[in-house]
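Note sheet for the following structure.
What follows is calculated from the coordinates using simple rules that are stated; it is not laboratory data. Being a predicted model, the structure only gives us computed values, none of them experimental. Backbone-built Cβ (ideal geometry, glycine too); neighbour counts: all protein chains shown.
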Amino acid sequence: MNRVAKFLAYDGKVSLVCTNTTELVEEIRNLHDLTPTTTAAMGRFATISGMMGFTDIKEKDDYITLQIKGDGPMGKLISVVKRDDVTSKVKVCVDNPHVELPLKSNGKLDVGGAIGKNGFLNIINKNEVTDTNYTGLVPLVSGEIAEDFTEYFAQSKQKPTVIALGVLVNKNGVKSSGGYMIQLMPDATEEDIVKIEKALETAPTISEMISQNKSLEDIAKIVTGDENILILAQELNMIYECDCNKEKFEKGLISIGKEELSKIINEDGKADTICHFCNKEYHFSKEELEDLLNEI
Ligand SMILES: [Zn+2]
């Protein structure tokens, strides 16, 4: 179970989301056949995406699309997040899942090298009812993901945010994965901030705390330095879910236009498509393609 919990610290002046995504990231590793480095990258990316389901999606039918495009060998990373009352639903895909790089000199997986630090983080919040978009675009800081999202919240949202993301990978797969996001409310004081900074200096990394089986509540206390945190919600969950269907792929085929579609019909006599988020295949016969052509 991928648990998520929300807390308030310092009498409501600081909010916090904490999550253990070990199972989710292992599922993503298997689904996309990831290497250790791309597991760490996609795990961090899925973890922050899923947490944003709880912090940045206000209405039930809204969804967020997140894209990271750096100049590293992984290419583009995409995630889409939706949510209901208690569950954040995440799906992810990446151009090149099989990238593997040597460890960095500090022994860590080189996520920043795989993504590349020159590029952009693009976040699109979509409101289904009003059909409006809010788009935020910031340059990448390091390609290490946590820093890049911290910058996004500072620049695009004017929200001071601390983000930690961590994935421990061993030869059997994902050993631990998780993250937390601390956001300061406008009434947070300098004193609160100093206390949090002190707590963060001595706190173990998030993946270490999760591998030591610490509860989300314990983690929240450790990283804020506040023993009296208030639990807002702790039965929240994060799952991998793709909502693709044949209709969406029909629309995709229609959108390539009359000329291209005729070419496919004449040259291939069929179309085999695959969902890059869940690997489900959708096949279109010649007759089906001709029906689509008639709709254009
Ligand atoms: Zn799918």
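Which of the peptides 47-53, 224-230, 187-193, 145-151 is most tightly packed, and how do the rest follow, going by the mean number of other Cβ atoms within 10 Å of each residue?
On the way: 47-53: 27.0, 224-230: 16.6, 187-193: 13.3, 145-151: 22.0.
Sorting 47-53, 224-230, 187-193, 145-151 by mean packing, highest first, produces 47-53, 145-151, 224-230, 187-193.
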* To do: At a temperature of 4 °C and a viscosity of 1.567 mPa s, determine how fast the chain diffuses translationally according to Stokes-Einstein, using the Kirkwood radius over alpha-carbon pairs as Rh; express D in µm²/s, rounded to the nearest whole number.
  => 64
* Short version: ³J(HN,Hα) in whole Hz for each residue of the stretch 32-44, in order, from phi by Karplus 6.51 cos²θ - 1.76 cosθ + 1.60 (θ = phi - 60°), x for Gly and Pro, what are they? -> 9, 6, 7, 8, x, 5, 6, 5, 4, 5, 5, x, 4
* List the lysines whose Cα lies under 23 Å from the Cα of K286, skipping any in the same chain that are fewer than 8 positions away. => K246, K248, K251, K258, K263, K270
* To do: Hey, can you grab everything whose amide H is under 5 Å from the amide H of N2? Only 5+ residues off in sequence or another chain; H modelled, so Pro and N-termini drop out.
  => M238
* Structure fact -> The long-range amide H neighbours of K159, using H built 1.01 Å from N in the peptide plane and a cut-off of under 5 Å, are A154
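Under 8 Å for C-alpha pairs, at least 6 residues apart: give me the relative contact order for the stretch 30-126, rounded to a whole percent.
Details: 190 pairs, mean separation 35.1, N = 97.
Worked out over the stretch 30-126, it gives 36 percent.
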* Asked: Reachable aspartates and glutamates from K89, Cα under 18 Å, same-chain residues fewer than 8 places away excluded?
  -> E23, E26, E27, D56, E59, D61, D62, E128, E235, E241, D243
* Report, in cubic angstrom per residue, the convex hull volume of the C-alpha atoms of the stretch 246-295. => 70
* **Relative contact order [Cα under 8 Å, 6+ residues apart], the chain, whole percent** => 23
* Would you kindly derive the ³J(HN,Hα) couplings of the stretch 113-123 from the backbone phi angles with the Karplus curve 6.51 cos²θ - 1.76 cosθ + 1.60 (θ = phi - 60°), listing them in order in whole Hz, with x for Gly and Pro? => x, 6, 8, x, 8, 9, x, 9, 10, 10, 10
* Asked: Give or take rounding to whole Å, what are the principal axis extents of the alpha carbon atoms in the stretch 3-79, in descending order?
  -> 44, 24, 24
* **Per-residue ³J(HN,Hα) for the stretch 23-31, Karplus 6.51 cos²θ - 1.76 cosθ + 1.60, θ = phi - 60°, Hz, x for Gly and Pro** => 5, 4, 6, 5, 4, 5, 4, 5, 4
